[in-house]
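First up is the structure itself, then whatever we jot down about it.
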Amino acid sequence: MVALRGALAGLGRLLTLRRGLAVAALSVAAGFWLLPSVDGAGGGPAGAAMAASEAVSDAEFRSASGEHLTLANFRGRVVLLNLWATWCGPCRVEMPALDRLQAMLQGDGLAVLAVSVDKGGSAAVQRFFEQRGLRNLTPYLDANGATVRAFGARRIPTTLIIDRDGNVVGSLIGPRQWDSPDTSALIRRYLAS
């Protein structure tokens, strides 16, 4: 009888674990990255990087040619700011989808800013773009970490959606299939407003 109770308790824990994993997978698929939270504080997801509707910083980053830019250079467009690195596995996986998203929606006013935190400079990033055949994205660099610090990014990839008025309206820590129908529909919603 004791053995039967132990087996039933073990089965109950297994079912609870599976249900928890299913809820976690559904949460990720549903795009909880739009809920305001920082590292899970305030009841939001651990994947949120910044509070929604927060004004963006004037953190400076550079183009591959060395031109100094800030997000003010992109005011009037919806910006998808992706902080990444060539050595980051999940970043490497999501880059082709970001490239396709830029190709799909750049004419609608989307600017996908792939801002690399690589310390190796533009040569490493340019080489990565060439090897992967990324033709629609423009590489940007945050070699001194100013953009990462300005947005409090603790992990990469970290992605922020910034509306036409310069406010952060969503954020995500981790990779995403950026050109999927659900995600591109969400981006189109911001482009339409």
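Quickly work out the Ala123-to-Arg188 label distance, labels modelled 7 Å from Cα along the C-beta direction, and quote it in nm with one decimal.
Going from the Arg188 label point to the Ala123 one covers 4.4 nm.
Starting from the Kirkwood Rh over alpha-carbon pairs, what translational D in µm² s⁻¹ does the stretch 129-193 have by Stokes-Einstein at 10 °C and 1.306 mPa s?
114 µm²/s
We did not get these values from a lab; they are worked out from the coordinates using the rules stated. Keep in mind it's a predicted model, so treat the numbers as computed, not measured. FYI the Cβ positions are ideal-geometry reconstructions off the backbone, even for glycines, and counts take in every protein chain you see.
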